[in-house]
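The values are calculated or read from the model by the stated rules, or taken from the named source; none is laboratory data. Note that the coordinates shown come from a computational prediction; the quantities given were computed from them, not determined experimentally. Please note: Cβ atoms are built from the backbone with ideal geometry, for glycine as well, and neighbour counts cover all protein chains shown. In case anyone asks, the SASA skips ligands and DNA or RNA and just uses the protein heavy atoms, side chains included. Shrake-Rupley method; radii C 1.70, N 1.55, O 1.52, S 1.80 Å.
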Amino acid sequence: MPPRYTPPQLWLWNPRGAGGGGGRGGGGRGAQTSSAHAKPVRASISEAEQALEAGERKQRMRELPKARALFIQSMVQLATAGLASDRSGCLVFAAASAALLEVEEDEARIAAFGQTRTDGSVLASSSWRTRQMQLLSEAMEALVAGAAAAARAQASPDELSHLSEQAGGLQLLLSQAHEEIDQGPSALAAAERAVAMLDEAQRLHSLATEGAALLAEGPVAAEPSVDLMRALAPALMTLGRLSLQAADAQTPSSSPLRAQGVGAVERSLALIEEACTWCDSERGDNLPLVVEEWARLLLEVI
């Protein structure tokens, strides 16, 4: 089986911060450009990725103001150069957006620490919710544009799978953001889009592995991606929970929504169980972490 697409995985699919290894950078293959412009494009994306990686280091060291400045620098560099929608630049832009959102959430919690009231906290304010939606929507637009550019350039199925995976992760974040402000229908619609994008990522990954098997000298078993399973399982659980809530809110209860909800929950649990069976430490898979995620999904059902 060929390795997953070369750019490091973005932190997008797991908004609670419990994810596997790898950074949030999104370098790797850029759009096909003329030789006169290829170097400046690569250099600009590389500079933005360096700022992103430096921001991640500052974030891990809890130097949040410096991390925030570096993430903004990364985003501004790409936007100014017109590369936020580039098929490589969009990954860096989306990663920096998600990281900036996480830092700003941490800063808001620190600022609110010790307050006796929670209803007036920064995170509950309309201005913060607007900021959250803005960041996620801009990152989503960048990924959609980047994926379209990759498709026009006839990118490999593996590259398109990677882009679809990250877009699905962003849609899951958008779903959760809508849910936090009691926008149930919007949350459900975003969860449906997240599952559709991650399903497409799996389909494209299967095409890539089948192509590699045909080119290999010997027989190559096409194996599913554990990373994609881990991305899809929580999206399915979110879709199932929101569908069941929407079904209960209707009078009489909606049978199609209930069937969709039950099916999504069952598929989520089956998928994370299957991911455990495919884990291979030689490929860097973390079985204890996947089992922990399985337990977390089970707790959502209880």
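Remarks
- Looking across segment 181-202 at every residue that is of a type outside the set (A, V, I, L, M) and not in a helix (DSSP H, G or I), the one that is surrounded by the fewest Cβ atoms within 10 Å (Cβ to Cβ) is identified as ASP182.
- Unique match (being under 17 Å from the mean Cα position of the chain (by Cα), at pLDDT below 95 and open to solvent by 30 Å² or more (accessible area, probe 1.4 Å)) among HIS205, HIS162, HIS178: HIS178
- Unmet requirement for LEU232, which otherwise passes all of (1) under 19 Å from ARG193 (Cβ atoms); (2) at pLDDT below 95: (2)
- Of all residues in segment 84-97, none satisfies being free of Cβ contacts under 8 Å to residues at least 40 places away in the same chain and either surrounded by fewer than 20 Cβ atoms within 10 Å (Cβ to Cβ) or within 25 Å of ALA147 (Cβ to Cβ) (or both).
- Residues of segment 135-159 classified as open to solvent by 40 Å² or more (accessible area, probe 1.4 Å), in a helix (DSSP H, G or I) and more than 18 Å from ARG193 (Cα to Cα), total: 3
- Pairing residues of segment 259-272 that are more than 10 Å from SER243 (Cα to Cα) and open to solvent by 40 Å² or more (accessible area, probe 1.4 Å) with residues that are modelled with pLDDT under 95 and of a type in the set (S, T, N, Q), at Cβ distances under 6 Å and at least 6 apart in sequence or on separate chains, gives no pairs at all.
- In segment 52-65, residue farthest from the chain's Cα centre (by Cα) [restricted to those that are exposed (fewer than 15 other Cβ atoms within 10 Å of the Cβ) and among the basic types (Lys, Arg)]: ARG62
- Just one of the numbered conditions (1) farther than 23 Å from ALA111 by Cβ; (2) assigned to a helix (DSSP H, G or I) is not true of ASP86: (2).
- Checked against (1) more than 20 Å from the chain's Cα centre (by Cα); (2) touching a residue at least 12 places away in the same chain (Cβ under 8 Å), GLU292 passes all but a single condition, namely (1).
- If the condition is being over 23 Å from the mean Cα position of the chain (by Cα) and either open to solvent by less than 40 Å² (accessible area, probe 1.4 Å) or at pLDDT 90 or above (or both), then segment 215-229 contributes ALA216, GLY218.
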